[in-house]
Amino acid sequence: MIPKKEHGKKLRKAPKGFKTANDFFEELFLDKDLIWMGQNTNHLHDENFVRDAMIKAVESKDYCKYPPPEGLSELKELVLKDLDLEDMDLVITAGATTALYYCMSDLLSPNDNVISPDPGYLIIDNFASRFAKEVKSIPIYNEECGYKLTPDLVKENMDENTGLIILIDPLNPLGGAYTEDEIKEFAKIAKDNDLFLLHDITYRDFSRKHYLAANYAPENTITVYSFSKIFGMAGIRVGALVSTHEVMNSVRQVLIDDLGTNVIAQYGAIEALKSKPDWIDYVKDTTFNNQKIIKDAVDECDGVFIVRYPSDANMLAIDLSGANINPKDMSKYLLERNVFTREGQYTSKKFGDKYLRVSFSVPPEDVKVFADEFKKAVKVLRK
Ligand SMILES: Cc1ncc(COP(=O)(O)O)c(C=O)c1O
C-alpha cells in the first residue's frame, strides 16, 4: 500500500443518510430535475451531432473490436488541428484525468518537487504526490497575484529539484486565464531551468483569449486536453495528452489503457470537433453572459463577492467569509432547493472554507433559479 501523503486522496465521507459517498453522488446523478452547477460540466448543447455519431457507432457494432490503442487517427488529427499544433504528437485517453496521471507517471522522479496552485484541481496534486518527493502548493487566494499562480510566484518557490509546474488555464475553481506575456515567461522559466510545464487546458475554449505554452516552449510542455467541458461530454470520458514526439514516446511506456479508449466515445469526439464551428459561439457566449446574472445577485448581498470577475472558465468562486457563512451550509441549503454547487473544500483545503464554487454552462433560466435561491440563502445563513 502507498503510505499516506499530505496530498493523498482522503476517502470521501458519506453524507448523513447515505452508506457511501458514491451512493450520495448517485442519488444526485439520477435526479433529472437537479440544476447541475457543481461540476463545471456543460448542459447547453441543444444540437445532436455527438449523440447521432455515437448512435451510428453503436449500430455499426464496432464496439465488438478493440480500437487502435492510441486513438483513431481521424480523432488525433482533429485534436491537433483544433490546437493548431499539427507537428505535435498525442494519445487519446479516457478523459483529461487519465492524461494527467500519465504525465505524472512519466515525467516525475522520486527526488522532484512539483509546483501547483492552491486553490486548484486537487486530483492533480494527488497524482503528483504519488511520483514526486514533494508537491509545493502555492497559496494564490489573494489579489496581489490576481488569484493565479504567477511567474514571480513560481520563481520564488522553485529550486534545483523542481521538475514540473502545473498551469491550470483557466483555473478551476477561480477562473483566471493566463496572458500571452505570462505564458511566455513560464516558457522561459521552463527552458532556462530544464523543467516541464503541465498545461491543463480543460477550460480553454471558455476563455476570452487563450495562449498555448506549447507554442513557446514545445520541448518543455505537455498539454492536457478534455472533451468534458466545452464539448459537453463529461460522462463519455474522452481526452488527450499532447506533446513532442520525443516526450510522447516516453509517455507511451507508461500507458495503462493498452487496449484503447472507448470507441463510441471517440466517434462522438470526432463529430464534436467537426461540428464545433456550428455551436461554439452560442455555448461560449451563453456561458459568459450567465455570469452577469450571478454577479447581479451577489452584488445585492453584503459581505459576499465574486473572487475573480469575469471568470474565463465556466465556473467562478463566491467568497462568503464576510457574511460568516460556511460554504458547506450554503451548498446544503441550495441542494435542498434543487441546485447543486460545490463548497470550496473540494478545491482547496486551506481556503475552501471561504468560498462556494458555481458553474454556469446551464440554461439562463436555471442560473436565475440559482440567483434567487442564493440571495435568500445569504439572508438565512448569515451569522
Ligand atoms: C482542471 C481540470 N482538469 C481535468 C479535469 C478532468 O477532466 P476529464 O473529465 O476530461 O477527466 C477537470 C474536471 O473538472 C478539471 O477541472
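Each value in this text was obtained by applying a stated rule to the coordinates, not by laboratory testing. Computed from a prediction, not measured in an experiment: that's the story for all the values here. Here the Cβ positions follow ideal geometry from the backbone for every residue, glycine too, while neighbour counts run over all protein chains shown.
If we scan the stretch 40-54, do we find a residue that is within 30 Å of Phe370 (Cα to Cα) and of a type in the set (Lys, Arg)?
Yes; the residues of the stretch 40-54 include at least one that is within 30 Å of Phe370 (Cα to Cα) and of a type in the set (Lys, Arg).
Residue-by-condition table, conditions (1) within 16 Å of the ligand (Cβ to nearest atom); (2) in contact with a helix residue (DSSP H, G or I) (Cβ under 9 Å, 6 or more places away or on another chain):
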| site | (1), (2) |
| --- | --- |
| Val58 | no, yes |
| Asn111 | no, no |
| Ile115 | yes, yes |
| Asp125 | yes, no |
| Arg130 | no, yes |
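Buried (at least 22 other Cβ atoms within 10 Å of the Cβ), in a helix (DSSP H, G or I), in contact with a Leu (Cβ under 9 Å, 6 or more places away or on another chain) and at negative phi - does that describe any residue in the stretch 67-75?
yes
Looking at this structure, is Pro173 in contact with a Pro (Cβ under 6 Å, 6 or more places away or on another chain) and buried (at least 16 other Cβ atoms within 10 Å of the Cβ)?
yes
Of the residues Leu149, Leu171, Leu167, only one is part of a loop (DSSP other than H, G, I, E, B) and free of Cβ contacts under 8 Å to residues at least 60 places away in the same chain; which?
Unique residue meeting the criteria: Leu149.
Criterion first (in contact with a strand residue (DSSP E or B) (Cβ under 6 Å, 6 or more places away or on another chain), more than 21 Å from Pro119 (Cα to Cα), more than 16 Å from the ligand (Cβ to nearest atom) and touching a residue at least 12 places away in the same chain (Cβ under 8 Å)) does Ala187 satisfy it?
No; evaluated as a whole, the condition is false for this residue.
Is it true that some residue in the stretch 278-300 is in a loop (DSSP other than H, G, I, E, B) and farther than 27 Å from Lys136 by Cα?
yes
Which of the residues belonging to the stretch 206-243 are within 15 Å of Ala99 (Cα to Cα), hydroxyl-bearing (Ser, Thr, Tyr) and more than 13 Å from the ligand (Cβ to nearest atom)?
Passing the criteria: Thr221, Ser243.
When the stretch 310-324 is examined, which residues are found to be within 18 Å of the chain's Cα centre (by Cα) and surrounded by fewer than 24 Cβ atoms within 10 Å (Cβ to Cβ)?
Within the stretch 310-324, Pro310, Asp312 meet the criteria.
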